Amino acid sequence: MPSTTTFLDELFDKGLLIDTGVDGLYGRSGLFEEIGDRFQALVTRYGAEDEPEVVRFPPAMSRQVFEKSGYMKSFPQLAGTVHCFCGSPADHVSLLQTIEAKGDWTEGQKASEIVLTPAACYPLYPTAAKRGQLPADGLLFDLMSYCFRHEPSKDPARQQMFRMREFVRMGTPDQVTEFRAKWLERGQALIGELGLPLKLDVANDPFFGRTGKMLAVNQRDQRLKFELLIAIESEENPTACLSFNYHQDHFGKTFELESSDGEVAHTACVGFGHERVILALLKHHGTDVKTWPQSVRKALWG
Ligand SMILES: Nc1ncnc2c1ncn2[C@@H]1O[C@H](COP(=O)(O)OP(=O)(O)OP(=O)(O)O)[C@@H](O)[C@H]1O
Ligand SMILES: [Zn+2]
């Protein structure tokens, strides 16, 4: 009889991921985190020669900046907002009664000034713009954040809260496209060192609705997004573990970022799916790290 145990079941059974009762929202074990820490150290080594500026934001961002970014135009289906109770003691009494009666107690919740970060780079653009015109050699940042996307799934590689490491380049079109080309090479070398079979492909973001379809076609035609894919949940539909995005002047225009030549700055980012790379390692090399290939152990543990 064919086995019906999924990779997610195996990860739960081995205690690597911890079920919370919500698809895509998991706890992680010490070993899972240890592999992740080692992977992040490897990413840092690959990027070190460029001397990126390290910045860390919390996993939430200003609602005002989020609105300005246009995220709700493109990906309303993925966004997560933070709502809070702001009522009186009397409202509190009725809140508790509604919970008791198993009614919808969330109806009275009010939107706060905070939304959940959908991609690590979103809070960065206004911060960089506040510094004024970019220096002649542009800017380069190293980011990492928990991100939220409302895409519940049984695929362990599609989580609702996951970490994204990013390098973000801001500057002239030449500076930015050179950065992306360099990381396309580096990303493949890095994943090669981890002994993972990869495929590189052009891709598009999951833009919402009918206009979204056009945006996706345009993004592909202009080769603005590449993904480094590794088979995790299925061989037929490999998972994007690294993404290489060229935003052209989109964020530059939106957040008034100016290059040293007075033109609107261009931006690009390379994003590493933290959990996805860990899951790819566990899938391809097994859940017992002691039996992983020597070369992979060396890349991670030295
Ligand atoms: N739901 C998720 N769970 C875990 N990692 C994710 C998720 N969504 C994106 N990532 C990781 O974050 C990186 C950067 O995000 P990006 O927006 O480019 O993803 P994406 O290309 O939209 O992913 P996908 O096509 O699988 O939805 C991706 O390369 C991926 O590794
Ligand atoms: Zn980004």
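Please verify whether region 211-226 includes one or more residues that are touching a residue at least 60 places away in the same chain (Cβ under 8 Å) and touching a Lys or Arg at 6+ places or on another chain (Cβ under 6 Å). No; the residues of region 211-226 include none that is touching a residue at least 60 places away in the same chain (Cβ under 8 Å) and touching a Lys or Arg at 6+ places or on another chain (Cβ under 6 Å). Looking at Gln133, Gln77 in this structure, which one is touching a strand residue (DSSP E or B) at 6+ places or on another chain (Cβ under 6 Å), modelled with pLDDT of 95 or more and exposed (fewer than 15 other Cβ atoms within 10 Å of the Cβ)? Selected residue: Gln133, the only one of Gln133, Gln77 that is touching a strand residue (DSSP E or B) at 6+ places or on another chain (Cβ under 6 Å), modelled with pLDDT of 95 or more and exposed (fewer than 15 other Cβ atoms within 10 Å of the Cβ).
Can you confirm whether Thr254 is hydroxyl-bearing (Ser, Thr, Tyr) and either more than 10 Å from ligand 1 (Cβ to nearest atom) or over 20 Å from the mean Cα position of the chain (by Cα) (or both)?
When the stated conditions are applied, Thr254 passes them.
Every listed requirement among (1) over 18 Å from the mean Cα position of the chain (by Cα); (2) within 16 Å of ligand 2 (Cβ to nearest atom) is met by His83 save one, (2). Taking the criterion of being part of a loop (DSSP other than H, G, I, E, B) and either within 15 Å of ligand 1 (Cβ to nearest atom) or at pLDDT below 95 (or both), the residues of region 21-33 that qualify are Val22, Asp23, Gly24, Leu25.
Of all residues assigned to region 162-174, at least one qualifies as being in contact with a Gly (Cβ under 7 Å, 6 or more places away or on another chain), part of a strand (DSSP E or B) and among the acidic types (Asp, Glu). The listed residues are Lys213, Lys225, and the only one of them that is under 20 Å from Phe75 (Cα atoms), basic (Lys, Arg) and within 16 Å of ligand 2 (Cβ to nearest atom) turns out to be Lys225. Looking only at region 149-156, decide whether some residue is more than 23 Å from the chain's Cα centre (by Cα), assigned by TED's automatic domain parsing to the domain that holds Asp174 and more than 30 Å from Ala41 (Cβ to Cβ). Looking for residues that are more than 23 Å from the chain's Cα centre (by Cα), assigned by TED's automatic domain parsing to the domain that holds Asp174 and more than 30 Å from Ala41 (Cβ to Cβ), one finds none in region 149-156, hence no. Please tell me if Asp261 is out of contact with any helix residue (DSSP H, G or I) (no Cβ under 9 Å at 6 or more places or on another chain), at pLDDT below 95 and more than 8 Å from ligand 1 (Cβ to nearest atom). Judged against the criteria, Asp261 is a match.
State whether the residues of region 110-127 include one that is surrounded by fewer than 12 Cβ atoms within 10 Å (Cβ to Cβ) and not in a strand (DSSP E or B). No, there is no match, as no residue in region 110-127 is surrounded by fewer than 12 Cβ atoms within 10 Å (Cβ to Cβ) and not in a strand (DSSP E or B).
The values are calculated or read from the model by the stated rules, or taken from the named source; none is laboratory data. Predicted, not measured: the structure shown is a model, and the values here were computed from it. As a convention, Cβ positions derive from the backbone with ideal geometry for all residues, glycine included, and neighbour counts pool all protein chains shown.
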